[in-house]
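Inspection log for the structure reproduced underneath, given as C-alpha cells.
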Amino acid sequence: MTARLATVLAAIDAANAADPTLERDGAAERPAALLYGERMSAETARLFPDASEHLRIAARGQHVERWRMPRASYPEGRAGYLAWRTAQAASHAERVGAMMAEAGYGAADIDAVARLLRKEGIKRNPEMQRLEDVICFVFLRWYFADFAARHDPEAVLRIVARTARKMSAEARTRALAEFGDLPADLAEAIRG
C-alpha cells in the first residue's frame, strides 16, 4: 500500500468515525459509516485482490459522512430517493476528492475516483462494475437480513431483482454460490 493511499483511507476512516449512528459489530457498537467502509474494503480485497488504488479508495469512501445528508431531508417516494442518492454521490466524490488532493493525488486520479463514486459508467466501465459488485455483496452479506425483516416480501423481491441487475454475470453466479440459503424466489431474482 502506498503512503498516499494509506493517508486517504485513514482520512476517510477519521471522517466516518464521527458518525453518530452506531451499529453492532460483534460485542461492540461502532460508527455505522466506519464499519460500512471497512466492510467495503474487506469485500473489495476478497473479490478483487488486484483492485486498483482508485477502486480501493472509492470502495472505502462510498458512504463517507453519509449521515450529514439524511434521507428525510428529501421528499418521500422513488423520485426523492433518487435525488437523495445523486446528491450523496456528488457529496462523497467531492469529500473524497479533497482528501485525495491533500494526500498528493493529481486531478486525473481524483476525477477517476469521483466518476466511480458518482456511479458513472456502470456496465461500461470495468472499474465501476467491480465497485457495483462489491456494493451488492456487502449489501447481501451484511445488510440484507435486516432489510428483509423490515419490508414486505414483494418489496424485498423487487430490491433483490434491482440489485441483481446491477451485478455482473460473474458476480451473480458467485452470489448464488456464496448465499445458497436464499429462498427460491430471491435466488431466481438474482439469476435474472
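Hey, does the stretch 18-26 have a residue that's within 30 Å of ARG174 (Cβ to Cβ), open to solvent by less than 70 Å² (accessible area, probe 1.4 Å), modelled with pLDDT of 95 or more and of a type outside the set (Asp, Glu)? No, the stretch 18-26 contains no residue that is within 30 Å of ARG174 (Cβ to Cβ), open to solvent by less than 70 Å² (accessible area, probe 1.4 Å), modelled with pLDDT of 95 or more and of a type outside the set (Asp, Glu). Restricting the first member to the stretch 155-176 and to residues that are more than 15 Å from ILE135 (Cα to Cα) and touching a residue at least 12 places away in the same chain (Cβ under 8 Å), and the second to residues that are of a type in the set (Lys, Arg) and open to solvent by 50 Å² or more (accessible area, probe 1.4 Å), the beta-carbon pairs closer than 7 Å and six or more apart or on different chains are LEU176/ARG191. Taken over the stretch 134-188, the criterion of being more than 20 Å from the chain's Cα centre (by Cα), closer than 23 Å to MET40 by Cβ and of a type in the set (A, V, I, L, M) is satisfied by ALA149, ALA177, LEU182, LEU186. Is at least one residue of the stretch 9-20 closer than 22 Å to GLU94 by Cα, part of a helix (DSSP H, G or I), touching a Leu at 6+ places or on another chain (Cβ under 9 Å) and acidic (Asp, Glu)? The answer is yes, given that some residue of the stretch 9-20 is closer than 22 Å to GLU94 by Cα, part of a helix (DSSP H, G or I), touching a Leu at 6+ places or on another chain (Cβ under 9 Å) and acidic (Asp, Glu).
With the requirement that a residue be touching a residue at least 12 places away in the same chain (Cβ under 8 Å), among the acidic types (Asp, Glu) and more than 21 Å from MET167 (Cβ to Cβ), what does the stretch 39-76 give you?
GLU53, GLU65
Against the criterion of being touching a residue at least 12 places away in the same chain (Cβ under 8 Å) and more than 24 Å from SER168 (Cα to Cα), GLU102 qualifies.
The values are calculated or read from the model by the stated rules, or taken from the named source; none is laboratory data. The structure presented is a predicted model; accordingly, all values stated were derived computationally and were not measured. Note: ideal-geometry Cβ built from the backbone for every residue, glycine included; neighbour counts use all protein chains shown. The accessibility values were calculated without ligands, DNA or RNA, using every heavy atom of the protein model including side chains. Shrake-Rupley method; radii C 1.70, N 1.55, O 1.52, S 1.80 Å.
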